[in-house]
Amino acid sequence: MGGVGASRIKRVLSHAARRLTAPSLVLMYHRVTAPPRDPWQLAVTPAHFAEHLEVMRRVGRPQHLRDLTRALAAGHAPRHGIVLTLDDGYADNLLEARPLLEKHDVPATVFVAAGCVGRSQGFWWDQLENFLLTPVDLPRHLQLEIRGEVHRHDLGEDSYFPLAAQARHAGWRATSEPPTGRHRLFVTLYRLLRPLADPERQTALAELASWSGVPAAGVSPARPLTAEEVQRLSAGDLVEIGAHTLTHPQLSALGADAQREEIRGSRTVLQEAVGASVTSFAYPYGAPSDYTRETVALVAEAGFSGACATTSGVVKRGSERFELPRLHVEDCDGDGLARRLAQWT
Ligand SMILES: [Zn+2]
């Protein structure tokens, strides 16, 4: 009997251990749409997104980020919790994603770059894409001054972008080798603009607009939400609005005062917009080089209760709730997502 009892206790203990270590996942999306190009892999089609929501309902317990961080703060971790997050605050989050979230009854946390709300010309990386990767003939030579340094580029024959080349390279990802001089220039400029403060970046974008002939103030198809749309998105209890700074800077490139303004400012603006407390935050770009220890302290000091990075990983009891890892979800069907989730849980 003793032996049987011991094995039963062992079984109960191992079951308890499984429960405690069963991880939660935070999934990272940006856009729900089918754009003509997607160099940063930000978009999932509405059809695939609907399949993803079905999978989430089936395999996990969908919840807001604030629920996960509340549990972590209390020393727990929800078992098989799944948090669906959408970064930046694209209009398609309301127009395409929200109706599907409602239909499948899956809550989501949307991190809004509060200072970009209503910017009809779009986010800076989309503007850059419009200047470089759309079918316009560009001047062969570019001369651009950034922080007192003059950058010169010669596009050569790639100043023209024939239809055949556009079609051939529509599926290009910025993480792979640039196939033309335009794509190379796109990557070079992206790297130059990313660490800039917003006013410097706006100046550079205005120069690029006049160089390319693509109007800087034109309405981008990849536009951010307007203030009124943020309110509609947050109506009811389906979508938690989280903060994502004001102007989407690389926080590690800013001094403490500028970081504080970006972090606190976004919380204040969004709380006023939605009339509720905003307690979740996501670091722009989110890699370990994009924020510092000081940034993490400033986020906690600003009154947030949890924050997401973009490093990959699962969330367990004891996970650092101001640096939660996430799983970047690519545009795959429901089976593809189920396979990926199975690898992680
Ligand atoms: Zn972002």
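Can you pull the Kirkwood radius for the chain, inverse mean 1/r over Cα pairs, to one decimal in Å? Could the numbers behind the result be given before it?
Working: mean 1/r = 0.0466 Å⁻¹.
This gives a value of 21.5 Å.
Calculate the length of the line joining the C-alpha centroid of the range 245-296 to that of the range 105-178, in whole Å. The range 245-296 and the range 105-178 have Cα centres separated by 24 Å. About its Cα centre, the dipole of the range 210-340 is roughly 280 debye, where the only charges are +1 on Lys and Arg Cβ and -1 on Asp and Glu Cβ. Per residue, the chain exposes 45 Å² of accessible surface when a 1.4 Å probe is rolled over the protein heavy atoms with every protein chain present.
Suppose a student asked you for the relative contact order of the chain, using Cα pairs under 8 Å spaced at least 6 residues apart; what percent would you report? Can you show the working numbers first?
On the way: 641 pairs, mean separation 82.3, N = 345.
RCO, the chain: 24 percent.
Peptides 267-279, 301-313 ordered by packing proxy, namely the average of other Cβ atoms within 10 Å per residue, highest first: 301-313, 267-279. Only Lys, Arg, Asp and Glu carry charge here, each on its Cβ (+1 for the first two, -1 for the last two); on that basis the chain has a dipole of about 1800 debye about its Cα centre. Placing pseudo-labels 7 Å out from each Cα toward the beta carbon at L238 and E157 gives an inter-label distance of 5.2 nm.
Residues in the range 310-345, backbone N under 17 Å from the label point at A34 (7 Å along the Cα-to-beta-carbon vector): list them, ranges by number please. Hits in the range 310-345 for A34 at 17 Å: 331-334.
Taken along the Cα-to-beta-carbon direction at a fixed 7 Å, the label points for A164 and E294 span 5.4 nm. Computed from the Cβ-Cβ distance with R0 of 35 Å, the FRET efficiency linking T226 to R61 stands at 0.60. Per residue of the chain, the DSSP helices (runs of n ≥ 4 H) give a summed -39500 (n - 2.57) that works out to -12500 deg cm²/dmol at 222 nm. Think of the chain as having a plus end and a minus end, set by charges on the Cβ of Lys, Arg, Asp and Glu; of V136, A209, V59, V59 sits farthest toward the positive end of this dipole. Computed from the C-beta positions of A174 and R147 and an R0 of 25 Å, the FRET efficiency is 0.65 to the nearest 0.05. The convex hull of the Cα atoms of the range 27-167, projected and averaged over all directions, covers 12.3 nm². Measuring nothing but protein heavy atoms, the accessible surface of the chain at 1.4 Å probe radius is 52 percent carbon and sulfur. The slack between A206 and W344, meaning 0.36 nm per residue of separation minus the straight C-alpha distance, is 45.3 nm.
Taking 0.36 nm per residue of separation and subtracting the current Cα-Cα distance, fully stretching the chain between L95 and R191 would add 31.5 nm.
Taken about its Cα centre, the range 214-272 carries a charge dipole of roughly 120 debye when the Cβ of each Lys and Arg holds +1 and the Cβ of each Asp and Glu holds -1.
When the label point is put 7 Å from the Cα of V136 along its Cα-to-beta-carbon vector, which residues of the range 195-213 have a backbone N closer than 13 Å? Under cut-off, by backbone N: 205-213.
The values are calculated or read from the model by the stated rules, or taken from the named source; none is laboratory data. The model shown is predicted, which means the values in this text are computed figures rather than measured ones. Neighbour counts are summed over all protein chains in view; Cβ atoms, including those assigned to glycine, are modelled from backbone coordinates with ideal geometry. Accessible surface is based on the protein model in full, side chains and every heavy atom, while ligands, DNA and RNA are left aside. Shrake-Rupley method; radii C 1.70, N 1.55, O 1.52, S 1.80 Å.
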